[in-house]
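Right, one structure below, let's go through it.
Read the figures in this text as sums done on the coordinates, not as results from a lab. Source: prediction; values computed, not measured. Don't worry about glycine lacking a Cβ; one is built from the backbone with ideal geometry, like all the others, and counts go over all protein chains shown.
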Amino acid sequence: MHATELVHALKNASPDIDVYSAGGPGLAACSTQVADLASHAVTGFFEVISYLPTLIRIFNRIADQIEEIDPDVVIFTDYPDFNFRMAKRVAKPGRKLVYFISPQLWAWRKGRLKLVKQYIDKMLVLFPFEETFYRDNGVEAAFVGNPLVNTITAMKKDTTGNTGPRRILLLPGSRRKEVKSNLATMCEAKKGIDARMDASFSVLKHPSLDATLFDSAHEAGIRVYEGNPHDEFQNVDLAIACSGTVTFELALSGVPTVVLYRMNPVTYHLAKRLVKVDAISIPNLILGHHVFPELIQDAATPEGIADEVVAILSDPDRLGRIRSELGRFRTLVKAFDADYAAREIFSLTERP
């Protein structure tokens with residue numbers, strides 16, 4: 001989604017440019033697609049290993065396409081394991097390499113800064129602390145804002161004093177593996193919440209996911225919602241969400257959230273040795289403290305989730321503090337500036 005916004009910004013700034021992409025359907029609609037990466041997205045060390053032969057074939061095909069097209073600028077988005085190798089492969093004198101959406105080098109694998117310094121001409125980052133991090137480490141960077149801020153323009157109304165059932169939204173993830181891992185735990189947590197307070201539940205289903213993945217939600221009496229997530233955010237009192245971009249969206253919308261983070265146990269123990277930050281969700285990192293409770297790995301149990309949810313929804317003062325902090329959060333982020341992003345890229349070329 002973010003890369004699509006960037007392509008539109010580039011074309012608005014210079015309508016005659018040719019843009020080629022390796023991504024999903026959104027990018028394909030606004031550029032010439034050379035490869036579909038959306039259907040091959042995987043996360044986690046062991047998950048990537050099992051998919052490695054396919055990734056190598058895709059990698060080589062994209063690299064060959066880049067050499068054939070011979071672009072002036074190559075823009076990498078996210079996927080650091082894939083993209084840093086690609087940057088090394090396609091770098092050459094006169095070709096500028098830009099990285100849009102920073103890998104989380106500020107959290108772990110800071111050794112990759114050497115790769116950034118060697119191959120990347122400019123980092124275009126979504127969050128203010130990322131610009132500071134890169135500049136402090138001698139890397140040219142520009143905080144261009146976040147397209148989600150453009151989209152989510154209003155916080156939900158304060159419902160602290162409302163009577164009736166508390167409305168809770170479950171967000172188990174946008175990938176099949178995430179939903180299979182998280183939804184069962186969330187359904188169990190619902191039982192613990194129901195035993196202690198009057199609540200109604202809905203679960204967000206990504207359009208690309210099979211409806212059968214949500215059979216357990218139907219059986220638990222949870223409404224499955226397939227509409228615009230931001231519309232649903234306006235109608236709930238609290239969310240239970242797996243860590244990811246959605247926590248940023250929920251913070252922008254003013255929704256108190258309990259954050260879950262679980263992964264393959266071996267992958268988790270490897271990551272635990274490498275991660276160097278005190279929070280995993282972007283809202284907590286930007287605000288500098290844990291406004292959203294984070295339940296990580298073994299702590300992400302049905303009982304732990306239920307305890308956090310009931311504690312928040314039963315305490316009007318705590319809800320007020322969370323809402324106040326989410327108001328401050330909106331002042332610390334900024335909307336994606338299309339003209340600025342385009343200027344930062346074109347400043348590396350001979351185009352205006």
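For the options H206, H230, H289, a Gaussian network treatment of the chain with springs between C-alpha atoms closer than 10 Å singles out H289 as fluctuating the most. The C-alpha radius of gyration of region 166-332, expressed as a fraction of 2.2 N^0.38 Å, stands at 0.99.
With kT/(6 pi eta Rh) evaluated at 10 °C and eta = 1.306 mPa s, and Rh the Kirkwood radius from Cα pairs, region 169-247 diffuses with a coefficient of 125 µm²/s according to Stokes-Einstein. Under the combined filter of DSSP loop state and at most 14 neighbouring Cβ atoms within 10 Å, region 110-165 retains these trypsin sites (Lys or Arg not before Pro): K157. Less than 13 Å Cβ to Cβ from D210, Lys/Arg counted +1 and Asp/Glu -1: what total charge do the surrounding residues give? Cβ neighbours under 13 Å give a net charge of +3. Taking amide H as placed 1.01 Å from N in the peptide plane, the amide H of S200 sits under 5 Å from that of R166, R167, I168, each at least 5 places away or on another chain.
What's the Kirkwood radius of region 294-352 in Å, using all Cα pairs?
Details: mean 1/r = 0.0645 Å⁻¹.
15.5 Å is the Kirkwood radius here.
Okay, helix-only estimate at 222 nm for the chain: each DSSP H run of n ≥ 4 adds -39500 (n - 2.57), divide by all residues, round to 500 deg cm²/dmol; what do you get? Working shown, then result.
On the way: 17 runs with 166 residues, N = 352.
Helix contribution divided over all residues of the chain: -13500 deg cm²/dmol.
Within a straight-line Cα-Cα reach of under 29 Å, K205 can be paired with the following lysines, leaving aside sequence neighbours fewer than 8 residues apart in one chain: K156, K157, K177, K180, K190, K191, K334.
Taking every C-alpha pair closer than 8 Å and separated by at least 6 residues, the mean separation divided by the residue count of the chain gives a relative contact order of 17 percent.
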